[in-house]
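Student: First the structure, which I've put down as C-alpha cells, then a few questions once you've had a look.
FYI, it's all coordinate maths here, none of it is from the lab. Since this is a predicted model, take the numbers as computed values, not measurements. Backbone-built Cβ (ideal geometry, glycine too); neighbour counts: all protein chains shown.
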There are 2 protein chains.
Amino acid sequence: MISLAGGLPAADSFPVDALRAACDAALRDQPQAALQYGPSEGIAPLRGWIAAQLRAQGIAADPDEVLITSGSQQGLDLVGRVLLDPGCTVLVERPTYLGALQAFAPYGPRFADLAGDAEGPLPPAAGTAARLVYLQPNFSNPTGRTMSEVRRTQWAAALRDSDVALVEDDPYGELWFDAPPPRPLSGRVPGQAIRLGTFSKILAPGLRLGYVHAPREVIAKLVLARQAADLQTPSLTQRLVLQVLDSGILDTQLPRIRALYRAQRDAMLAALARHMPSGVRWDAPDGGMFLWLRLPEDADATALLPQALERRVAYVPGDAFHACKPAPRNTLRLSYATATPQQIDTAIARLGELFATLPSAETAHEPAVPAA
Amino acid sequence: MISLAGGLPAADSFPVDALRAACDAALRDQPQAALQYGPSEGIAPLRGWIAAQLRAQGIAADPDEVLITSGSQQGLDLVGRVLLDPGCTVLVERPTYLGALQAFAPYGPRFADLAGDAEGPLPPAAGTAARLVYLQPNFSNPTGRTMSEVRRTQWAAALRDSDVALVEDDPYGELWFDAPPPRPLSGRVPGQAIRLGTFSKILAPGLRLGYVHAPREVIAKLVLARQAADLQTPSLTQRLVLQVLDSGILDTQLPRIRALYRAQRDAMLAALARHMPSGVRWDAPDGGMFLWLRLPEDADATALLPQALERRVAYVPGDAFHACKPAPRNTLRLSYATATPQQIDTAIARLGELFATLPSAETAHEPAVPAA
C-alpha cells in the first residue's frame, strides 16, 4: 500500500540525533525543571523564543501573549472552549481543516462557508455577524493553497471593520519551497487575532508541542481553561524542544525538510501530468504537504476509494473537509509528505488508470509510463 | 518560606538517572515510534502494562479498556466531556479534590456533598438520582483519609443497586506506609466504574502521564473526545515511561518513595503533637501527601494565611475544597511531600505559635521544644 492519505510529516524529516542529544542534556542539566510540574502557560524561555520568532515574521508579540500547547489541536480546542457558545457563527473556508471542525463542534457553533477563488477565501460582506473566522492562509490542509498578498490586505481591512476574531492556523508556513508566503494575516490585525503554530511539522509530531499567540486577556482565559483540561504541556518535552531550538537546529533542519518536500511535490506534479486523464484538475502547491484533486463533476471520490485501495493506493476523499453539506463528491486530498518520489509516481499511475475508467474522463495527457 | 501547601511530589523522589537512560534508549532504539504520531488511545504495550497492574489489584482489566492520558487531570476533563450535561448531579466528598471540581465545572453539573465519618464518605440513600460519584478512596486530597474495607463493601452494594457511575481517582494509592489500602472500589463494581491513575506521584509529574480504565463503550467515547481535544499523549513520553517500567524500576522506586514520605509524615505528626495548641485536631494519614487540620470552630484559616506567610510558612485554606457553600472556615490542608523533616518541624512550630494566639485555642499539648 502506498499512502497518499497521510497528513504525517515524513519520518526521515525528524532530526533524531539532535533531539536525542537535547533530551539527554535537558535531563542531565536541569532534571528538576524537566520532571517537576511547571507553569500552565509553558516555560518562560520557550515562550520567549516563540515571541521572538513571531516578531521576525512581522507580528508584534510579547512572551506574555504566548501559551504553550500540546500541539495545535489543543490550541483549537482551548479556543473553542473560551470563545464559542452554542449557536454562535464560525466562518470557515470551503473546504477547511477537518481537525478544526472536530475541535470546535463540541461547543455547538454554527459553521458558515466562505466563498473563495484562486487567491483564497473572500472576506464576508460588511456587517456579517460571526464570533470568529478560522483560516489556514499558508499551504492549507486540505487544498495546499496560499492566500495572496492582495487577499490578505482585503481580509485585514474587513476584519478591522468588524467584531470578528481571526483564528490564523499556520502549521505549514515554514514548509515553503521557493519563497516564504506573504506576511501573516494575524500581524495585520493586532488585538483581534489568535495565531496557532506547532513544532509537529518542523521537528516531530510525537512531541506534541505547539503554541497560541493571542492578546493577553485571551491568553488569561485560555490558561484557566488549560488548568481544568490537563494542567500543562509536559515539562520534559518543553525543555527538550527549547534545548534543540537554542542549538540552532532550524538553520539546518528547515532547508533540509523544504528540499525533501519540494522533491516529493515535484514528483507528484510530474506524475500527475504524466498519468492523469484530462478531466482531472489540480493546482501546484507552493509549500506544505497537500494537493487537491478535482475529478470530473459526476465522479464520486468516496465511492472510488475501495477501488484505489484494491490498487494499493490510499487517499482522503474531499467531502469530510466541508463544514456545510451537501459537499462536492468529486474532490480528494493527496499528500506527498510520506511517500518517496518513486512511490509517488507508482501510486499516481495507478490512480490515473482508475480515474481513466470514469465515463466522463478523457484519455491521459500522455500515455502512462510503467514505473522504472 | 517553607511550603506545606504543595501537592507536588518531592523533587528528590524522581528517578532521574533511570528516566534519562530510558529516554535515551527510546530515542535510540525506536526513534520513529517515539517521534511520529501514535494512536489516540495510547501505545499498546503501555496499555497492556497498566491492565496487568490493575489485574494485580483485583480489577478485571483488558488493555482495550485503558486510555493513556496526559495526566489524571485530563482523565477528569474527558470524563466530564463525555458523561456530564448541564444540570446533572455529581456526588462528591466533603471536602473533595479541587482539581476535579475545576475539571467538571465547565460541563455545568450540580455538585452534591456526601455525608461521611471516620471510615469515609457514606453512600447516598437508595434511589438518589446522580450521574456519577467522584471519590478518592486512598489517602485523599485534601484530607489524607482512606475509606475502610467495610465502607467500600457498603459503597459497592449501593452502587450495584443504582445507575450512578463511579469515578475512582487514585493518584496516591501506591504511596502507602505500613500496608496497602483495601482493594480498589472500582474492581468491585465492574462495568460501572471509571478508574483514574497517574505516574505523576511515582515517577515524575512533568511527564504528564496518566490513564483511565473504563468499560469499552466509555473508552470509545473518551477516545473520540480525546481526538478533538489534543489527539494523543506525546509518543516520546509514552515510550520513555514504558521503557522505565519494563526495566523494573518500581521495585526499587516504590519502597524508596514510601520511605521518604513516611519519614516526612512522621516528622509532621511529631511536630504537630509537640507544637499545636490543644484546640487544633488532625488525623494521622496512612499514606499519600496530605494531612487535614481543624482549627477551633471560630477560627478562619483563610484570614490567618497572611500571618502564616509573614512567618514564612505556606498552607492551603480548606474552603476551596468544598463543592457546596458555605464551607467551614476553620480547616486547612498541610502537605508533607516537599519539605524535609527539619523544615517540617520548623514550619509546624511557627504555625503552632500562630494558632496559639487564637482566642479559643488552649495551650500546647507539651511545651514547644526549640528545633534541634
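Student: For peptide A:234-245, what's the mean number of Cβ atoms from other chains within 10 Å of each residue's Cβ? Don't skip to the end; give the middle numbers.
Tutor: Numbers: counts 13, 5, 10, 6, 1, 1, 4, 0, 0, 0, 0, 0.
Mean inter-chain Cβ contacts per residue within 10 Å come to 3.
Student: Please report the base-10 log of the normalised intensity I(q)/I(0) for the range A:1-156, using a Debye sum with one equal scatterer per alpha carbon and no solvent, at each q in 0.10, 0.14 (1/Å).
Tutor: Each listed q maps to, in turn, -0.53, -0.99.
Student: Tally Lys and Arg at +1 and Asp and Glu at -1 over the other residues with C-beta under 13 Å from the C-beta of B:R216: what net charge comes out?
Tutor: Working: positive: B:R47, B:K221; negative: B:E41, B:D62, B:D64, B:E65, B:E217.
In short, -3.
Student: Along the charge dipole of the range B:16-246, Cβ charges K/R +1 and D/E -1, which of B:G75, B:G58, B:P205 sits furthest on the positive end?
Tutor: Working it through, the farthest residue towards the positive pole turns out to be B:G75.
Student: Can you work out the Karplus-derived ³J(HN,Hα) for every residue in the range B:188-204? Use 6.51 cos²θ - 1.76 cosθ + 1.60 with θ = phi - 60°, whole Hz, and x for glycine or proline.
Tutor: Residue by residue, the range B:188-204 yields 9, 10, x, x, 10, 10, 10, 10, 10, x, 8, 9, 4, 8, 10, 10, 6 Hz.
Student: Grab the alpha carbons of the protein assembly as shown, take their convex hull, and tell me the volume per residue in Å³.
Tutor: Values: hull volume 125.8 nm³, N = 744.
Once divided by residue count, the hull of the protein assembly as shown is 169 Å³.
Student: Once you list every other residue whose beta carbon is under 10 Å from the beta carbon of B:V66, what net charge do they have if Lys and Arg are +1 and Asp and Glu are -1?
Tutor: Values: positive: B:R47, B:R195; negative: B:E41, B:D62, B:D64, B:E65.
Computed value for this residue: -2.
Student: Among DSSP beta bridges whose residues both lie in the range B:132-242, state the antiparallel percentage, nearest 5.
Tutor: 35
Student: If you count the DSSP beta bridges with both ends in the range A:15-246, what percent of them are antiparallel, to the nearest 5? Don't skip to the end; give the middle numbers.
Tutor: Numbers: 10 of 25 bridges.
For the range A:15-246, the DSSP antiparallel bridge percentage is about 40.
Student: Report, in deg cm²/dmol and to the nearest 500, the calculated mean residue ellipticity at 222 nm for chain A, where each DSSP H run with n ≥ 4 adds -39500 (n - 2.57) and the sum is divided by the residue count. Mind dumping the intermediate values first?
Tutor: Values: 11 runs with 141 residues, N = 372.
Taken over chain A, the calculation gives -12000 deg cm²/dmol.
Student: Right, another one. What dipole magnitude, in Debye to the nearest 20, does chain A give about its Cα centre under +1 on Lys/Arg Cβ and -1 on Asp/Glu Cβ? The partial results should precede the final answer.
Tutor: Details: 34 positive and 38 negative charges, 61 e Å.
Dipole about the Cα centre, nearest 20: 300 debye.
Student: Another one. Kindly express, to the nearest 10 degrees and within the range 0 to 90, the angle between helix A:341-356's C-alpha long axis and the longest C-alpha principal axis of chain A.
Tutor: 50
Student: Also, quick follow-up: At a temperature of 4 °C and a viscosity of 1.567 mPa s, determine how fast the range A:125-207 diffuses translationally according to Stokes-Einstein, using the Kirkwood radius over alpha-carbon pairs as Rh; express D in µm²/s, rounded to the nearest whole number. Don't jump to the answer; show the numbers that get you there.
Tutor: Working: Rh = 13.6 Å.
Rounded, D is 95 µm²/s.
Student: Which whole-angstrom value gives the distance between the alpha carbon centres of the range B:45-69 and the range A:85-115?
Tutor: Between the Cα centres of the range B:45-69 and the range A:85-115 lies a distance of 37 Å.
Student: Where does helix A:44-56 land angle-wise versus the long Cα axis of chain A, in degrees 0 to 90, nearest 10?
Tutor: Approximately 50 degrees, to the nearest ten.
Student: Take peptide A:198-206, look around each residue's Cβ out to 10 angstrom, count Cβ atoms belonging to other protein chains, and average those counts. Could the numbers behind the result be given before it?
Tutor: On the way: counts 0, 0, 2, 0, 0, 1, 9, 8, 16.
Going residue by residue through A:198-206 and averaging, the value is 4.
Student: Related question: Around A:Q238, under 12 Å between beta carbons, what's the net of Lys plus Arg minus Asp minus Glu among the other residues? Intermediate values should be presented prior to the final figure.
Tutor: Working: positive: A:R47, A:R208, A:R239, B:R208; negative: A:E41.
So the surrounding residues net to +3.
Student: Another one. Answer rounded, prolate or oblate for chain B, using the Cα gyration tensor with square roots of eigenvalues a ≥ b ≥ c: rounded when a/c is under 1.5, else prolate when a/b is larger than b/c, else oblate.
Tutor: Details: a/c = 2.02, a/b = 1.34, b/c = 1.50.
Cα axes put chain B in the oblate bin.
Student: Let me ask something else. Suppose you put the label 7 Å out from Cα in the Cβ direction; list, shortest first and in nm with one decimal, how far A:Q227 is from each other copy's label.
Tutor: 3.2
Student: Taking beta carbons within 10 Å but only from partner chains, what does the mean come to for residues A:20-31?
Tutor: Numbers: counts 9, 2, 1, 8, 5, 1, 2, 10, 3, 0, 0, 8.
Whole-number average of other-chain Cβ neighbours for A:20-31 is 4.
Student: Shifting gears a bit: Peptides A:345-357, B:47-59, B:91-103: what's the order by average Cβ count within 10 Å, highest mean first? Before the final figure, lay out each step's value.
Tutor: Numbers: A:345-357: 20.9, B:47-59: 17.5, B:91-103: 22.8.
Highest-to-lowest ranking by the protection proxy: B:91-103, A:345-357, B:47-59.
Student: Also, I was wondering about something else. If you take every DSSP beta bridge whose two residues both sit in the protein assembly as shown, what share of them, in percent to the nearest 5, is antiparallel? Write down the numbers at each step before the final one.
Tutor: Details: 42 of 76 bridges.
Expressed as a percentage, antiparallel bridges in the protein assembly as shown total about 55.
Student: May I pose another question? Relative to the longest principal axis of chain B, what angle (0 to 90°, nearest 10) does the C-alpha long axis of helix B:250-275 take?
Tutor: Roughly 20 degrees, rounded to the nearest 10.
Student: I've got another one for you. State, to one decimal in nm and shortest first, how far the label point of A:P86 sits from each corresponding label point in the other identical copies (label point: 7 angstrom along Cα-to-Cβ).
Tutor: 0.5
Student: Place the label 7 angstrom along Cα→C-beta at A:S247 and in each other copy, then list the distances from the first to the rest in nm, shortest first.
Tutor: 2.0
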